[in-house]
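Here is the structure we will look at, set down as structure tokens.
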Amino acid sequence: LRGLSNGNGLLLRTGMRRSFLRRGVDDTQGFAWVSAASGTSSLAGPAVGGILYGASDLGHPWTLPYICSGTLLFGAMLTALALMEDTTAPISPRKRGGDLGQLLLPTPPDRRVDWVSMGWLLAVVFGHAYVFMGWDLSYPVLAAMPQSIDGDAWKPPQIGSTFVVASLAFVFFASCCYQRCIRYFGIVRFWVLNWIPTVLMLATFPRVLEALRREGWEAESWPVLAANYGAQLSFCVMQGAGFVTAQLVLFDFVTTQPGSDQLMATANGYYVIVQNVANGLAPLISGALCTIGAALEPQYAPIATRALPFDVMACVGVVLCLLPLWVLGPGKVPDLRSARALLQLEQQ
């Protein structure tokens, strides 16, 4: 089921990109809304499922939630097919409208696909997915540590509330602020600025939390609550937006390559594969680092501590912050979505 759902996401992103290219419209807000919808559904799905579970006499308590979710899924798919019927047709160059990449950086006829740079961009996608999944696994472990070792001993409802608040904040940011930030900073610069506070937070948050507990602050005190909610908000908003930015950076790069119409689906497929490999490896690596850090902390602190998985994520974040600046050097990928680029397009 997860594999089929990921395949649908691949088709959705490819179809959206081709549809926007055909109409010559900026797709930044469209992809931001997709991420916002995903965040909303991740909150609404468990809530609605919990309400419907056991609410009918259909033989099993899970029958009604399955029927409702299946009906909604097929209804959404039929609606998407009706609205986006023409997105799988080949894009004629005469019907492109405004292909920003080709207008701002035309592709020479004899140019070949830069697979090396695409590989580096896929490595960025892998690293981002690893950090995001690693945080989702490492933060609950840190927050649930017993008070006997200076932990907060938070219960699942307390931990879950931080995810809910942070997810709502990300939905608001993606819906109302993301496109404005991209136009003001440019996509690569915004990516770098996203990672700076995240790296600082990953390196300091577990140590600040431990210091607060050693100073005698209770798990429900306002400094501990502020540290937990502040870290969760900053990470979810910044790196939730990072999912959108990583997609747009990769798609903009593909737009500048020869045969970009056919290459877009291939790049989308690689994007999904790399992301899922990272999602599969992150639990193994983060879980091992949590175990190693907790076991070695009494003897090897401060080299190996409970903050070890967060330190590794911070190091990965530093690489991810700098790698696009090296791969996407001057002239390789135009800044397609800043106000300056849009003004240049209007002049052309």
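Checked against the criteria, residue 225 does not count as touching a residue at least 24 places away in the same chain (Cβ under 8 Å) and either under 30 Å from residue 205 (Cα atoms) or more than 15 Å from the chain's Cα centre (by Cα) (or both).
For (1) open to solvent by 60 Å² or more (accessible area, probe 1.4 Å); (2) part of a helix (DSSP H, G or I); (3) touching a Pro at 6+ places or on another chain (Cβ under 6 Å); (4) over 18 Å from residue 133 (Cα atoms), each residue gets a yes or a no:
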| position | (1), (2), (3), (4) |
| --- | --- |
| 208 | yes, yes, no, yes |
| 211 | no, yes, no, yes |
| 254 | no, yes, no, yes |
| 262 | yes, yes, no, yes |
| 275 | no, yes, no, no |
| 291 | yes, yes, no, no |
| 299 | yes, yes, no, yes |
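Inside the range 121-164, residues that are crowded, with 16+ Cβ neighbours inside 10 Å and of a type in the set (Asp, Glu) make up a count of 2.
Just so you know, in the range 214-228 the residues that are open to solvent by 30 Å² or more (accessible area, probe 1.4 Å) and part of a helix (DSSP H, G or I) include one that is farthest from residue 316 (Cα to Cα), and it is 222.
The values are calculated or read from the model by the stated rules, or taken from the named source; none is laboratory data. Predicted, not measured: the structure shown is a model, and the values here were computed from it. Here Cβ is always computed from backbone atoms with ideal geometry, including for glycine, and neighbour counts include all displayed protein chains. Note: areas computed on protein heavy atoms with side chains; ligands, DNA, RNA excluded. Shrake-Rupley method; radii C 1.70, N 1.55, O 1.52, S 1.80 Å.
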